[in-house]
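In what follows, a single structure is set out as structure tokens and then discussed.
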């Protein structure tokens, strides 16, 4: 990197003395001399100011080959995506992402991976790190498509840590989708298959949102009766996926059944607990089978019959979904009285045998 020679050439080109250049940067002219003789390099915090003075980019100063850099970053992002799809999200991957993020501090897709990985490995352990990266993305990235997911994640992080003021503040820049008028009207501008697909995607979005609202309100029911509210999620999914073609959305049913099981465990209704846990296990294994086959799948139910899904695009981690999540869920105190139950042990063993 011959940045010193570039600075010297640019300085002479604009007829700027070392002394005046040093004054503009608030440094000693001897410092500039050392740069130009390649004895030292400018501090990274000065590069943007130097580039502005000479009306060039920092990449020009650093002699960066943009195409080469883009390919390197794209290849690394593909590598990380593959790790996510395989569930290989661990401390080693985190270290690799940190290294690349430090190397390219202004690349926000990389920072999104860093943010997601902090949250996925251990949101509590890396809470401060994740928040710092997330807030940096919101402050400095201009791409709303990148920022939206970070906003939602930060909202839940603040919320679960009891910082309601920050949770409220962070969603101020979030679009009102999917309830906005624009969101509802956009499909009307489309025609044919494009319009049908757009509407069907909206149906799924609304279904998921409605289910989320049920999850937020079922706790008002008396313990032991909360399953009645939770099962409305299944009824709603059956309305949309009348052929039982839940596929990826079996994950939502998995969580519903686990919450039903927990509700019944609180009143020690063992029969229903085991029933709901077996249903949750079935949901997990269904998704696992589809994922292993890796074939594109198409919904058949009328309301979603134009929607295709690609299992290779489903990312998962050991902390958040399916059989691994079930094992973690069963560690809750409500299930302690069933620790030696044969059916429960079978369910746990099946989860161990099918990690996902």
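The values are calculated or read from the model by the stated rules, or taken from the named source; none is laboratory data. Note that the structure is predicted; figures quoted are calculated from it, not measured. Heads up, the Cβs are rebuilt from the backbone with ideal geometry, glycines too, and the neighbour counts pull from every protein chain shown.
Here are the numbers for this structure:
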| quantity | calculated |
| --- | --- |
| Flag if residue 68 is part of a helix (DSSP H, G or I), at pLDDT below 85 and within 27 Å of residue 140 (Cβ to Cβ) | yes |
| Failed criterion for residue 282 (all others in (1) farther than 26 Å from residue 123 by Cα; (2) in contact (Cβ under 8 Å) with a residue 12 or more places away in the chain; (3) assigned to a helix (DSSP H, G or I); (4) within 28 Å of the chain's Cα centre (by Cα) hold) | (2) |
| Hits in region 117-150 (condition: modelled with pLDDT under 90 and assigned to a helix (DSSP H, G or I)) | 119, 120, 121, 122, 139, 140, 144, 145, 146, 147, 148, 149 |
| Positions within region 81-95 being at pLDDT 90 or above and either surrounded by 16 or more Cβ atoms within 10 Å (Cβ to Cβ) or part of a loop (DSSP other than H, G, I, E, B) (or both), in sequence order | 93, 94 |
| Residue within region 159-170 that is outside the structural domain of residue 123 (by the TED database), in a helix (DSSP H, G or I) and either modelled with pLDDT of 85 or more or over 29 Å from residue 113 (Cβ atoms) (or both) present | no |
| Residue match in region 208-219 (condition: part of a loop (DSSP other than H, G, I, E, B), exposed (fewer than 14 other Cβ atoms within 10 Å of the Cβ) and out of contact with any strand residue (DSSP E or B) (no Cβ under 7 Å at 6 or more places or on another chain)) | no |
| Hey, residue 47 buried (at least 16 other Cβ atoms within 10 Å of the Cβ), modelled with pLDDT under 80 and assigned to a helix (DSSP H, G or I) or not | no |
| Candidate set: region 17-33, residues that are surrounded by 15 or more Cβ atoms within 10 Å (Cβ to Cβ) and in contact (Cβ under 8 Å) with a residue 24 or more places away in the chain; chosen: the one farthest from residue 102 (Cα to Cα) | 21 |
| Pair list, Cβ < 9 Å and 6+ apart or interchain, from region 202-231 residues that are at positive phi to residues that are at pLDDT 90 or above | 224/263; 224/264; 224/266; 224/267; 224/269 |
| Subset of region 289-303 (residues that are in a helix (DSSP H, G or I), modelled with pLDDT of 85 or more and surrounded by 13 or more Cβ atoms within 10 Å (Cβ to Cβ)) | 290, 303 |
| For residue 230: the one exception among (1) more than 22 Å from residue 258 (Cβ to Cβ); (2) under 26 Å from the mean Cα position of the chain (by Cα); (3) surrounded by 15 or more Cβ atoms within 10 Å (Cβ to Cβ) | (1) |
| In region 191-201, the residues that are touching a residue at least 24 places away in the same chain (Cβ under 8 Å) and surrounded by fewer than 14 Cβ atoms within 10 Å (Cβ to Cβ) | 193 |
| Set 92, 59, 63: member being under 24 Å from residue 7 (Cα atoms) and without any contact (Cβ under 8 Å) to a residue 24 or more places away in the chain | 59 |
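Residue-by-condition table, conditions (1) touching a helix residue (DSSP H, G or I) at 6+ places or on another chain (Cβ under 8 Å); (2) within 23 Å of residue 157 (Cβ to Cβ):
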{"position": "71", "(1), (2)": "no, no"}
{"position": "83", "(1), (2)": "yes, yes"}
{"position": "87", "(1), (2)": "no, yes"}
{"position": "91", "(1), (2)": "yes, yes"}
{"position": "94", "(1), (2)": "yes, yes"}
